[in-house]
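Structure record follows, encoded as structure tokens.
Every number here is computed from the coordinates shown, using simple stated rules; none is lab data. Since the structure is predicted, the reported quantities are computational estimates derived from the model, not experimental observations. We place every Cβ from the backbone using ideal geometry, glycine too, and count neighbours over all the protein chains shown.
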Amino acid sequence: MPQSRTAILRPMSIKVYYVPGSHPCNAVFKALDLKGLPYKKIVVIPPAHRLQMTVMFGGRTVPAMKYVDDEGRAEKVQTSCAIMRTLDSIKPDPPLYPTDAEERRRVLAAEKWADGDFQSLGRRLIWSHLKRSPQAMLSFAAGERVPLPAFMQKIAAGPVSTIQSRLNRADDDQVRADLASLPGLLDQIDAYIADGVIGGDPPNAADLQIAASLDLWMTMDDIRPLVEHRPAGKLARRIFPASGGGHVSGGVLPAEWLAAARAESKPL
Ligand SMILES: N[C@@H](CCC(=O)N[C@@H](CS)C(=O)NCC(=O)O)C(=O)O
């Protein structure tokens, strides 16, 4: 009998390059955990990772994955969506994408939505917080194998968060607009849950992308109360019971900015 791909995958042949706290990276780690695939995590430091990833993988973002395929060939995959698809081909169970054509179409559409500006908004929110509260950045690195001594991480936190905030276009006007858009985004996620696109067990690729973003949102004390009581927030907590790491205390953003995010949700 031919051996299945799962059976001949070499243990410990997967390496994932990541920035601690990065939500698309956390989505990929959760997918690997769900599939029971062993992997090695390699921390890269922003914003230097952009150059490092470009040299190693051709694109500047994390997550990026190296693995050894069935025939012993070293393969490279970059971006969370491409990695999810590769993981399904390496080990089909549990599947990240439904086999039924219509269900698959709906999950792919939700995944695409989650991988778009919704994902970028998470980066703008966190960097706008860390720019104002740089030492909170260290909480995202706690327990991770960061290739920089703690005292250097402390010194670097201010400049890194300012640069990252600029690179991610987390300027004040944009972040205010993002906060005003939060209720509508949460309505969209609650609708995906109500329609059965996400929220099943085991989680699909769209669940992981959306929940990882919301998990990041909920590391910020100013944002968490807007999310945690909603179906969207409860789903994120079910998938990420222990938060993906990090914590930013409240009172970081101006109170009037947050008032817009607390506005009543309108029905879709
Ligand atoms: N949508 C892609 C992009 C991920 C992404 O933008 N990652 C961020 C960290 S959360 C990054 O590496 N940004 C570097 C850059 O944009 O230059 C994915 O899900 O893999």
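Overview of results
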quantity	calculated
Modelled FRET efficiency - R0 35 Å, residue 154 with residue 238, Cβ distances, 0.05 increments	0.50
Distant-in-sequence amide H partners of residue 248 (H built 1.01 Å from N, under 5 Å)	220, 221
Three-way shape call for region 5-90 based on the alpha-carbon gyration tensor, with the a/c threshold at 1.5	prolate
From phi via Karplus (6.51, -1.76, 1.60), per-residue ³J(HN,Hα) for region 139-150 in Hz, x at Gly/Pro	5, 6, 9, 4, x, 9, 8, 7, x, 7, x, 4
Net length gained if the chain between residue 228 and residue 169 were fully extended (0.36 nm per residue, minus Cα distance)	18.6 nm
Under 17 Å from the Cα of residue 76 - aspartates and glutamates, other chains or at least 8 residues apart	88
Other-chain or far-sequence residues with amide H under 5 Å of residue 14's (modelled H)	40
Euclidean distance between Cα centres, region 108-139 to region 48-88, Å	21 Å
Rounded if a/c under 1.5, otherwise prolate or oblate - the chain, Cα gyration tensor axes	oblate
Over 25 Å between alpha carbons, listed pairs 41/91; 15/154; 112/234; 35/154; 40/131; 15/234	15/154; 35/154; 40/131; 15/234
Charge context of residue 57, other residues only, Cβ under 15 angstrom, K/R +1, D/E -1	+4
Rounded to the nearest 20 debye, dipole of the chain from Cβ charges on Lys, Arg, Asp, Glu	920 debye
Nearest-20 debye value, region 102-261 charge dipole, Cβ charges on Lys, Arg, Asp, Glu	480 debye
Estimated vicinal HN-Hα couplings, Hz - region 28-35 in sequence order (Karplus 6.51, -1.76, 1.60; Gly, Pro = x)	5, 4, 5, 4, 4, 5, 4, 7
Among 157, 48, 232: highest mean-square fluctuation, GNM of the chain, C-alpha pairs under 10 Å	48
Derived scalar couplings ³J(HN,Hα) [region 110-118; Karplus, 6.51 cos²θ - 1.76 cosθ + 1.60; whole Hz; x for Gly, Pro]	5, 5, 4, 4, 5, 7, x, 5, 4
Cβ-based net charge around residue 18, under 12 Å, with every Lys or Arg adding one and every Asp or Glu removing one	+3
